[in-house]
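Visitor: Got a structure for you, written out below as structure tokens; questions coming shortly.
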Amino acid sequence: MRDRLRKEKVLVSACLLGVGCRPDGKAKKDEVIVTLLNKTIYFILCPEILAGFGVPRQRIEIEGGDGEKLLDGEAKVFTEKGLDVTDKIIKAAHIVLELCRMAGIKKAVFKEKSPSCGNNFIYDGTFSGRLIKGKGVVTALLERNGIEVFSEEEYKKKKF
Ligand code: SF4
């Protein structure tokens, strides 16, 4: 029981643990992350599913900046077919934050390059596969509220 209380709580992108929640219905399971998380109490979640999008679904990208700009009202999120889903994705980000607060989660391991979960890079909003430096919107909101976010590669380099 005492051991369990000492373990840190970590929120994880569901696709990293093998859930097929990516737009194409595939997962991006990372065995090293799975092993590392066995030392923690982890919670898995996909913000885009939480936003009400199904699987499979159209990809979404941030136009006009990254998650920081989005939170500041200076960028928007669109689907590949041009549907503005900004409000939905921001609402989902706030639900994720609330869940972290309720569960006492102070750390997250998120999938890089996603408009929701990215930590260092996201796609540039043109659906052409080009990456820019920037954060996904959920990452940006969690970090603004004191939750530490790692990409999968950053988490692997972390000293335990
Ligand atoms: Fe869902 Fe985040 Fe994985 Fe995208 S990167 S499928 S939003 S958990």
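The values are calculated or read from the model by the stated rules, or taken from the named source; none is laboratory data. As the structure is a computational prediction, the values presented were derived from the model and not from experiment. Surface areas here come from the heavy atoms of the whole protein model, side chains and all, with no ligands, DNA or RNA. Shrake-Rupley method; radii C 1.70, N 1.55, O 1.52, S 1.80 Å.
Visitor: Specify whether the C-alpha gyration tensor of region 59-160 places it in the rounded, prolate or oblate class, a ≥ b ≥ c being the square roots of the eigenvalues: rounded for a/c under 1.5, otherwise prolate if a/b is larger than b/c and oblate if not.
Guide: Note, shape of region 59-160 comes out oblate.
Visitor: Go through LYS91/LYS156; LYS9/LYS158; LYS107/LYS135 and tell me which ones have a Cα-Cα distance over 27 Å in this structure.
Guide: LYS91/LYS156
Visitor: Of LYS69/LYS113; LYS26/LYS111; LYS39/LYS113; LYS28/LYS111, which ones are farther than 18 Å apart at the Cα?
Guide: Beyond 18 Å: LYS39/LYS113.
Visitor: Can you grab the distance from the C-alpha centre of region 99-122 to the C-alpha centre of region 30-76, Å, no decimals?
Guide: The two parts, judged by their Cα centres, are 7 Å apart.
Visitor: Okay, moving on. Divide by every residue of the chain the summed helix terms, -39500 (n - 2.57) for each DSSP H run of at least 4, and state the resulting mean residue ellipticity at 222 nm, rounded to the nearest 500 deg cm²/dmol.
Guide: The per-residue figure over the chain is -8500 deg cm²/dmol.
Visitor: OK, next. Once the whole set of protein chains is in place, how much accessible area is left on LYS88, using a 1.4 Å probe, in Å² to the nearest 10?
Guide: 100
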